[in-house]
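Structure, as structure tokens:
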Number of protein chains: 2
Amino acid sequence: MSLDYLKLNDANSVRVPAENLHKQVSVILQGVGTPQAHAEITAEILLSSSLRGVETHGVGNVVRYSESIEDGTYVVPQTVEVISETETTVLLSCGNGLGFVAAHQGMEMSIAKAKKFGVGMSTIRDGHHIGMVGYYPMMAVAEDMIGMAMTNASRSVRPALGARPRVGTNPIAFGAPAGDERDFIFDMATSTIASGKIALAKRLGVQMPVGWAVTAEGEPLTEPRGDRGEDWAMNPLGGTREQGSHKGYGLGLMVDILCGVLSGGGFGMQLAGGENMTWTMAIDIAKFRDVDDFKAMMDDMIRDLHSTPTLPGEDRVLVAGDPEADFEDDRLANGVPVENSQYDEIRARAMALGVEVFI
Amino acid sequence: MSLDYLKLNDANSVRVPAENLHKQVSVILQGVGTPQAHAEITAEILLSSSLRGVETHGVGNVVRYSESIEDGTYVVPQTVEVISETETTVLLSCGNGLGFVAAHQGMEMSIAKAKKFGVGMSTIRDGHHIGMVGYYPMMAVAEDMIGMAMTNASRSVRPALGARPRVGTNPIAFGAPAGDERDFIFDMATSTIASGKIALAKRLGVQMPVGWAVTAEGEPLTEPRGDRGEDWAMNPLGGTREQGSHKGYGLGLMVDILCGVLSGGGFGMQLAGGENMTWTMAIDIAKFRDVDDFKAMMDDMIRDLHSTPTLPGEDRVLVAGDPEADFEDDRLANGVPVENSQYDEIRARAMALGVEVFI
């Protein structure tokens, strides 16, 4: 339970009802000129992250998004433009606006194309942060499809054998529907750890384990850094050569290729902080086989995994999406914990903008 | 250079011209009843692995494939059957024959569908070993497409937090074409290490590093095992909870879902040793953007990565496909090294079958 110190609790956070948080995020975004429809999409995705325990991508980020809109980094209102399109593919421009809006549209178009032709795929340029990448496959799963999404980012992770940041944390998300069991919802950074976890460790004042980051000399770095620069880098998943660092590195480049090169928006080394290109895919299960049979096999697989004997000291074997679903059940019933400092920031931001305070 | 002891050299192998090896593999397969067209496909893929330095998936395996054909484990001649098909999707049955043959057809169909509609996807049931999974994306790359392939396998890897084998090593391969630089060809097992590397360590009589495998009690296992069973398991990529073992585990299940559940052929826990279900995808780059522009951006990315300062003691930063391309250049010119014991086995097998000996 080594990461427990990164979790929110009654001492470091305030519980807020989900619907109030949704309203709060939406009105703050509208307060800086975001059209209501775009603000609602963004609020829904940010709230989903907070509900599912993905604090780093949750509602607390609305403050910086609203600042990016105000200072012109994000173009709002934005126009999401179709640059090229075929039966199964679409290249979108996010119009340098809210990444959420274009990623949501990209997955909606992927789903519509998959319904007609079996598979749908979007890649999106001129984009920004899309939040929790696992949200988008969930849109496909709700339609009895397999969903997949990736997003690239500016450089923070070293290549295998390299000692400088060259690749983003470039997450991969994948979802597939189950029947009686919970849906399989998988969302991973291709670095050893998500960058938000390092920022959270810094805010909470705790050290990082060896293996998350290195200095420019390749020595382990355990003091969390809040900055980005050439003098330190996160490790790719796998960590060392012998344990497979070339795998995390290769996966990160796969994300760069599908998001950045296929869209033309740029790979990690070409991106500024806050720029993110995105890729989505939907696969209509029914085009391959009976959906109920698919789900029954998913259930069998998930049950077999849950019944696996654990490593010493562990409670149970989990399947991707289990911890998030546990968080969601609790938080829908008992409110969503918002970190104390973020709670104050969100309220202050709402008051400064003169919009209603819901939390 | 910790894995150098796993490499072939003049003392432990014999160099053979590539074309002789191709002929040798093909005639051995034909000698046990494989149709010539199927034998040629299989020989090409096995030779490609040996040329590219992927010894574990190379020509040496022809002996056991020919035995599996003789004892009826593989149904040969096989019929690859289309079970369901749409504009962009196809579900194939491998007919319990050579996995190579159906995987090759699956990728050919994915490419043809992508040419028409942008994306093509196949999933394949009733299958066996497909060899080096990275071969199949290379077929798409040769057509100026992005290619992807995965294959699942019987259980050998533990889930994160679990202490028994439940997931296969389930590799993921991805390829994208570059312009002046070498193509990006990425091929990884979702375990810390490919199972063939453990078998190779055992054959060479060397210990495994801590992090590759555990006992049923969750203790590190360093003595390579040749068997499969409940009393030891390989680690998922990431190794430990803190270093991201849930990521390798989740990727392994993604492979199980696309290969085993989407096809209906079965996930890892349902498969016997030697059964493998397969998934392929091709993406036509030209449907999104100009192919030359795509390749020029790939070149920029690859050059930036190659120029990254290294960790202390490392020569250069590599990009996926670099080591394999180096091997291929050398081996096309100077012959393909075949491990001494495998060289003897292949010759003995050819003589026993009464087919021509080319090596």
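Enumerate the amide H contacts of B:Arg15 below 5 Å, restricted to partners 5 or more residues apart or on another chain; note that Pro and chain-start residues carry no placed amide H.
It is B:Val338, by chain and number.
For the stretch A:79-334, what's the relative contact order in percent, using C-alpha pairs closer than 8 Å and at least 6 residues apart?
On the way: 626 pairs, mean separation 59.3, N = 256.
Reported as a whole number, the value is 23 percent.
Can you list residues from other chains, or at least 5 along the same chain, whose modelled amide H is less than 5 Å from the amide H of A:Glu275?
A:Ser154
To the nearest 20 debye, what charge dipole does chain A have about its Cα centre, counting +1 at the Cβ of each Lys and Arg and -1 at the Cβ of each Asp and Glu?
880 debye
Decide, for the stretch B:80-306, between rounded, prolate and oblate: order the square roots of the alpha carbon gyration tensor eigenvalues as a ≥ b ≥ c, take rounded if a/c falls under 1.5, and otherwise choose prolate if a/b is larger than b/c, else oblate.
oblate
Can you tell which of A:Ala199, A:Met234, A:Gly147 lies farthest toward the positive end of the dipole of chain A, using +1 and -1 charges on the Cβ of basic and acidic side chains (Lys, Arg; Asp, Glu)?
Positive-most Cα among the choices belongs to A:Met234.
Roughly how many Å is it from the Cα centre of the stretch B:182-250 to that of the stretch B:68-128, as a whole number?
Value for the Cα centre distance between the two parts: 29 Å.
State the Cα centre-to-centre distance between the stretch A:5-58 and the stretch A:277-352 in whole Å.
First find each Cα centre; the distance between them is then 17 Å.
Where in chain B are the DSSP H helices whose C-alpha atoms run 15 Å or more along the long axis and whose mean Kyte hydropathy is at least -1.0?
Both cut-offs are met by B:18-31, B:36-51, B:99-117, B:245-255, B:291-306, B:340-353.
List the residues whose amide H sits under 5 Å from the amide H of A:Thr86, counting only those 5 or more places along or on another chain, with H placed 1.01 Å from N in the peptide plane.
Correct list: empty.
If you add up the charges near B:Val157, with Lys and Arg at +1 and Asp and Glu at -1, over every other residue whose beta carbon is less than 12 angstrom from its beta carbon, what do you get?
+4
Less than 14 Å Cβ to Cβ from B:Glu143, Lys/Arg counted +1 and Asp/Glu -1: what total charge do the surrounding residues give? Intermediate results must be reported in sequence, preceding the final value.
On the way: positive: B:Lys113, B:Lys115, B:Lys116, B:Lys287, B:Lys295; negative: B:Glu108, B:Asp144, B:Asp183, B:Asp284.
Around B:Glu143, the charge tally is +1.
Are there trypsin sites (Lys or Arg not before Pro) in the stretch A:239-294 that DSSP puts in a loop and that have at most 16 other Cβ atoms within 10 Å, and which ones?
Sparse-neighbourhood loop trypsin sites (Lys or Arg not before Pro): A:Arg241.
Under 1.5 on a/c is rounded, so check that first for the stretch B:204-359, then, if it is not, pick prolate when a/b is larger than b/c and oblate when it is not; a ≥ b ≥ c are the square roots of the alpha carbon gyration tensor eigenvalues. Present the calculation step by step, with values, prior to reporting the outcome.
Numbers: a/c = 1.35, a/b = 1.11, b/c = 1.21.
Here the stretch B:204-359 falls in the rounded category.
Cut-off 10 angstrom, C-alpha nodes, Gaussian network model of chain B. Which of B:Arg347, B:Arg125, B:Arg303 fluctuates the most?
Answer for the Gaussian network model of chain B: B:Arg303.
Assuming 0.36 nm per residue, please report the length gained on full extension of the stretch A:Arg15 to A:Arg225 beyond their Cα-Cα distance.
72.8 nm
Using a 10 Å cut-off on Cβ to Cβ distances, tally the other chain neighbours for every residue of A:158-168 and report the average as a whole number.
Going residue by residue through A:158-168 and averaging, the value is 6.
Which distances in nm, rounded to one decimal and ordered from shortest, link the label point of B:Pro220 to the equivalent label points in the other identical copies, with labels set 7 Å from Cα toward Cβ?
For B:Pro220, the inter-copy label distances come out at 1.2 nm.
Residue by residue, what Karplus-based ³J(HN,Hα) values in Hz, rounded to whole numbers, does the stretch A:235-242 have, using 6.51, -1.76 and 1.60 with θ = phi - 60° and x for Gly and Pro?
Ordered by residue, 3J(HN,Hα) equals 8, x, 3, x, x, 10, 4, 5 Hz.
List the lysines whose Cα sits under 23 Å from the Cα of A:Lys295, skipping any in the same chain fewer than 8 residues away.
A:Lys113, A:Lys115, A:Lys116, A:Lys287, B:Lys247
Rounded to whole Hz and in sequence order, give me ³J(HN,Hα) for the stretch B:168-180 from the Karplus expression 6.51 cos²θ - 1.76 cosθ + 1.60, θ = phi - 60°, writing x for Gly and Pro.
x, 6, 5, x, 10, 10, 8, x, 9, x, 9, x, 7
Which order, highest average first, do A:8-20, B:78-90 follow once you tally other Cβ atoms within 10 Å for each residue and take the mean per peptide?
B:78-90, A:8-20
Can you sort B:Ser341, B:Ser68 from fewest to most other Cβ atoms within 10 Å of each residue's own Cβ?
In order of increasing Cβ crowding within 10 Å: B:Ser341, B:Ser68.
Using θ = phi - 60° and the Karplus form 6.51 cos²θ - 1.76 cosθ + 1.60, what ³J(HN,Hα) does each residue of the stretch B:74-86 get, whole Hz, x for Gly and Pro?
9, 8, 9, x, 9, 10, 8, 10, 7, 8, 8, 8, 10
Quick one: compute a quarter of the convex hull surface over the Cα atoms of the protein assembly as shown and quote it in nm².
Over every viewing direction, the Cα hull of the protein assembly as shown projects on average to 28.0 nm².
Quick check for me: using +1 on Lys/Arg Cβ and -1 on Asp/Glu Cβ, what's the dipole size of the protein assembly as shown about its Cα centre, in debye to the nearest 20?
About 360 debye.
Taken together, the values in this text are just the output of simple stated rules run on the coordinates, not laboratory data. Bear in mind the structure is a predicted one, so any value in this text is a computation, not a measurement. Cβ coordinates were reconstructed from backbone atoms using ideal geometry, including for glycine residues, and neighbour counts include every protein chain displayed.
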